[in-house]
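Report on the following structure.
Read the figures in this text as sums done on the coordinates, not as results from a lab. Computed from a prediction, not measured in an experiment: that's the story for all the values here. For neighbour counting, all protein chains shown are included, and Cβ atoms are generated from backbone atoms with ideal geometry for every residue, glycine included.
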Amino acid sequence: MRPLHLTLQAFGPFAATEQVDFTRLGEQAFVLIHGPTGAGKTTLLDAICFALYGDTSGGERSAQAMRSANAAPALRTEVTLEFSLGAQRWRVVRSPVQERPKQRGEGWVTEPAKAQLDLHDGNDWISKASQPARVSDAVRDLLGFDSAQFRQVIVLPQGRFRELLTASSQARQAILERLFRTELYRRVEELLKAEAAVIRRDAERITIQRDEALRQVGVESAQALAEGIEALQAELQALQGQEQGARATLAAAQAALGAGEQVAARLRERQQAQAAHAALLARQPAMEHERARLHAAQRAARVRPALQAWQAAQRDQAASAVALTQSGEQAARAAQQATQAAAALQAEKARAEARQSAQRRVSQLADMLPRAQQLGAQLAALQAAEARQVAAATARERAAAQLATRQADAVGAESALAQGQLAAAQAQATALQLAALQERARQLDRHQQAVRALDAANAQAANAAAAEQQALRQREQCRAALAEAEAAWRAGQAARLAASLAAGDACPVCGSTAHPAPAQHVAAPLSDQALEQARHAALEAESHAVRCTGQHQAAQAAIAQARERLDELAQALGEVGDESARKLKAEITGLEAALAEGRQAAASLAQREAAIVSCRTALAAADAASRDATAGAEAAAQALAHCRGEWQANSAQVPEDSRDPVALGEALRQAQAMLAALEQALVAAQAAERQAAADAAGAQAGLVSAQQAQAQASNRLAEAESVLAQALAQQGFADVPAHAAACLGDDAMQALDATLRAFDTQLATAADWRERAEAAAQALDAPDLDGLRAARDASAAAVEALVRQQAERGRSRDTLLQCQLRLQQLDAQGRDIEARYAVLGRLAEVANGNNPRRMTFQRFVLATLLDEVLEAASARLLAMSRGRYVLQRVREQADQRSAGGLDIEVFDHDTGAARPANTLSGGEGFLASLSLALGLADVVQSRAGGIQLDTLFVDEGFGTLDPESLDFAIRTLLDLQQAGRLVGIISHVTELRERIDVRLEVRPGVGGSRVLLTGVATLA
């Protein structure tokens, strides 16, 4: 990971927006970040950590607390970081939870934390994650480590650079896992462990299945199972022999029972045949009675044609009598109707005068109707002319009124246009007056702002003066403390030298062999570190005093500038009192209202001009319409006078009661209807008289025909009675009722005949069956069937019991055989599982830490990688410590209960012994931590699949080094440029500014800190 661009906005001491372009470094990848204390050097690292993970580089300050106190309220706190990861270019933007002013109204609103991660595809940014938690997870996956590990590998925070060196074995394992991506070896461990667990479960399963199989068959061992199978097999052979004897006995019993059942069947058949024949003989008398009924019905059937003829003759004689009666009544009615029709015809002939009068009336009305119709058309034309004359007069009056209205509208529009033009001219003058007053109002606002700026400058100057005095007092105190510390340190050094002096030996300071007044022993000499702290405090106090003096001078200059600006505004304004401001505001308000009205009127000028054009057009149209209406009214009056003259001349020639064509036409239709009715009545009477005469003649002829038909029917009845009497006598019937009692229907006769024939057949068959059955059963005795069946059932039960016993023993034997086969299969599987576990089980135990060194497979791999890292780190540490220290891995584990293999110790060549890394001094620990970080980066990048560590930031720590160690450290870091790695150092050490050309200076200011990149001007 290599940073490209960093943008800070309202973050920490950076109150505005500040950008750092790391791409300007080019090949010069070694940069010093320096500046006064509190300027914001560490904040740059905080911003990088915050953008990536949402927390700060030290992990102690919350992200929300990083908002700049000097930032504008509306400016959001936000950090944007663009970085490269191999060939990819990423951008992350993040902002914390913060308060901002409401966009509407007063008060504040809490804005939630936001984050966005984008990838550049060569053309544009593509979103990959949003929301803070998801962005942090995505960054963790990209870089390969979390925030805490990032601070141990990429950023060495102030006061915490020893964390990776002194971390626990577990913490160091987590870092190395992510850096070298050794999760494959962990998965191998888990896979081996899972495979071994599966094998153990399979073995347990086989044991359980074996015990369960033996339990289900009720035996305790495989030997007992084999003995049970042999016993059941012997028992089965004995039962098979018994079954053969029982089946022979059963066959004999079944043969005896079959013979007995045949004899019993013949005896039952004889008994059934005798019973059936006797039953039919009992029914024979009834059948003979039915046979007599059938013969009588057959004789009656032969009489039936004569009977039917006699019945038909009776019906014909009755029908002819009824027809004779009806014909007589009809002839009487027809004669009466003929008489009435003749009388009606005579009456109609007597109305001839009325018909002639009606004919004359129709002729008169028909002659007068055309003249009445002509007069009616003239009257309609007259009425239409009157209506047109009234409509034309009304249109003329309406057109005149419309013309007057349009004339008034035109006058009003011209007046409105004149008023709008006047208002527009007044608005221009008002606008000029308003602009002058508004400019004076702005000057008044600037004057008030200048007053407030002067007050603020005075307050800031007072604070700066107090801070300056405090800083000067602090500087004097630090100077005095430094003088005391130097004196105490010199006294301690002198006492230490005096303690090593011997008589006759040269003094290491002055070279004299005489020591007249050696320094006295100091109980608690001042250490070099305490002296350095006192010097550092004095330097900081001096710097702080200089800054406070500069701030006080800047505040005084700001006061002078503000007072000068205020004087210029007061001279330009003249009177600047509150009363003048109120009057000015009131005048501006009045002029603004007047200007709004004038502008509104001016805006309507175009509309008013268009209204005038429209009014003039409408006036011309109304004038033309008025002239047309007047001409139309005059033409309608002339047409009305002409129509009225024609109608009056024609009306004099027609009677007044015949002038209405509608009434005259109705009278003509009534007269024609009366004439038609009289003529129709005459024609109808003539037709009725003719029809009545014809009907009377026809009725008389029908009466004669009915009398003849009645006489013929009487003759046919007498003949039918004679034929019927002869037929009854021939068939032996006394009269018709006797014949009716013997009659049967055809279906009944056929059914009775079939019944008699069936009975005769059944009786003959039963007699034959009885004879045959008696012959078959002759000399046979009844057998003991119950005894025979009991013997047969007993034999069958014995066979069934033996078969059942064999089936039960067979099932028991098969169950034991299946269990034996199952045990053999389980034994084979168990041997295979034991062979597999002998390899995989032991391998899983060793890979998961069950070994003398208590090291898992992954930890073993990590230990090997750590050895490479320590070897690379020791090469640098040995040079920077002048051949004294190397880093090595602890080989022996002191506590066998815990996992080891990743602990680090330092080997001291001066003592020839190894000791824990946390026993190093501050400077030594810094060199060891720096060497470890650089060695880790070298090994990680040399391994395929490792994470790219292109960047290293070190926050302080160089002040703990002596000049020679500092020189070694700087040369080591300068060598990293050959690999293209970016190294950033935060330090106050003066020698670093002299040795490192590329510097990122953080400058504090009243409006917030600023960042200045120097030493790369030619690359910008």
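Report the one residue of 526, 326, 379 whose Cα lies farthest in the direction of the positive end of the charge dipole of the chain (charges on C-beta: Lys and Arg +1, Asp and Glu -1; origin at the Cα centre). It is 379, whose Cα lies furthest towards the positive end. The angle separating the long axis of helix 222-282 from the principal Cα axis of greatest extent in the chain is about 10 degrees. With a Förster radius of 45 Å, plug the Cβ-Cβ distance of residue 691 and residue 743 into 1/(1 + (r/R0)^6) and report the FRET value to the nearest 0.05. The calculated FRET efficiency here is 0.25.
Ratio of Rg to Rh for the stretch 272-362, alpha carbon only, Kirkwood? Computed over Cα atoms, the ratio is 1.77.
Which stretch or stretches of the stretch 260-278 have amide N atoms under 15 Å from the point lying 7 Å from residue 784's Cα along the Cα→Cβ direction? Backbone N within reach: 260-261. Based on the Stokes-Einstein relation at 10 °C and a viscosity of 1.306 mPa s, and on the Kirkwood radius from alpha carbon pairs, the stretch 181-310 is assigned a translational diffusion coefficient of 60 µm²/s.
May I ask you to compute the full-extension gain from residue 111 to residue 191, defined as 0.36 nm times their residue separation minus their alpha-carbon distance, rounded to one decimal in nm?
Details: separation 80, 0.36 × 80 = 28.80 nm, distance 4.74 nm.
The span from residue 111 to residue 191 would gain 24.1 nm if fully extended.
Report relative contact order for the chain in percent, whole number only (criteria: Cα-Cα under 8 Å, sequence separation at least 6).
Details: 1207 pairs, mean separation 273.6, N = 1020.
Relative contact order for the chain comes out at 27 percent.
Spin-label model, residue 722 to residue 462: label points 7 Å out along the Cα-to-beta-carbon direction sit 17.4 nm apart. When the charge dipole of the chain is built from unit charges on Cβ atoms (+1 for Lys and Arg, -1 for Asp and Glu) and taken about the Cα centre, the candidate among 246, 696, 674 whose Cα reaches farthest toward its positive end is 674. The simple spin-label model puts a point 7 Å past each Cα toward its Cβ; for residue 292 and residue 198 those points are separated by 10.9 nm.
Computed over the stretch 732-779, the alpha-carbon pair-distance distribution with 10 angstrom bins reads 21, 24, 23, 16, 11, 6, 0, each value a whole percent.
Neighbours of residue 1005, meaning other residues whose beta-carbon lies under 12 angstrom from its beta-carbon, give a summed charge of +2 when Lys and Arg score +1 and Asp and Glu score -1.
Amide H contacts of residue 68 (H built 1.01 Å from N, in plane; Pro and chain starts excluded): 11, 12 sit under 5 Å, all sequence-distant by 5 or more or on other chains. Counted by Cβ distance under 13 Å from residue 434, the other residues give a net charge of 0, where Lys and Arg count +1 and Asp and Glu count -1. Amide H contacts of residue 954 (H built 1.01 Å from N, in plane; Pro and chain starts excluded): 156, 984, 985, 986 sit under 5 Å, all sequence-distant by 5 or more or on other chains.
Using per-residue counts of other Cβ atoms within 10 Å, averaged over each peptide, order 297-304, 780-787 from highest down. Numbers along the way, then the final one.
Numbers: 297-304: 16.1, 780-787: 11.4.
Top of the packing list down: 297-304, 780-787.
Any idea what the dipole of the stretch 46-143 comes to, in debye rounded to 20, about its Cα centre with Lys/Arg Cβ at +1 and Asp/Glu Cβ at -1? Mind dumping the intermediate values first?
Working: 13 positive and 13 negative charges, 47 e Å.
About 220 debye.
Ranking of 145, 907 by neighbouring Cβ atoms within 10 Å, starting from the fewest: 907, 145.
With R₀ fixed at 41 Å, the C-beta to C-beta distance from residue 312 to residue 342 puts the FRET efficiency at about 0.35.
Would you order 437, 887 from fewest to most other beta-carbon atoms within 10 Å of each residue's own beta-carbon?
Values: 437 17, 887 25.
Arranged by neighbour count, lowest to highest, 437, 887 become 437, 887.
Using the Cα gyration tensor of the stretch 1-135, with a ≥ b ≥ c the square roots of its eigenvalues, what is the shape: rounded (a/c below 1.5), prolate (a/b larger than b/c) or oblate (neither)? Taking the square roots of the gyration eigenvalues as a ≥ b ≥ c, the stretch 1-135 is oblate.
When the Cα positions of 734, 951, 778 are compared along the charge dipole of the chain, 734 comes out farthest toward the positive end, with charges on each C-beta of Lys, Arg, Asp and Glu.
Counting other beta carbons within 10 Å of each residue's own, what order do 951, 919 fall into, fewest first? All intermediate terms of the calculation are to be shown ahead of the outcome.
Numbers: 951 21, 919 12.
Least to most surrounded, the residues fall as 919, 951.
Residue 616 sits among other residues whose Cβ lies under 12 Å from its own Cβ, and their net charge, with Lys and Arg +1 and Asp and Glu -1, is -3. Between 0 and 90 degrees, rounded to the nearest ten: what's the tilt of helix 661-731 against the longest Cα principal axis of the chain? The two axes meet at around 60 degrees. Rounded to the nearest Hz, the phi-derived 3J(HN,Hα) couplings of the stretch 930-937 under the Karplus curve 6.51 cos²θ - 1.76 cosθ + 1.60 (θ = phi - 60°) are 5, 5, 5, 5, 5, x, 4, 4, where x marks glycine and proline. Write down the Kirkwood hydrodynamic radius of the chain, to one decimal in angstroms, obtained as one divided by the mean of 1/r over all alpha carbon pairs. One decimal place: 50.5 Å for the Kirkwood radius. Above 14 Å, the calculated P(r) of the stretch 7-54 contains 58 percent of its Cα-Cα pairs.
In this rough spin-label picture, where each label sits 7 Å from Cα along the Cβ direction, the residue 631-residue 208 distance is 12.1 nm.
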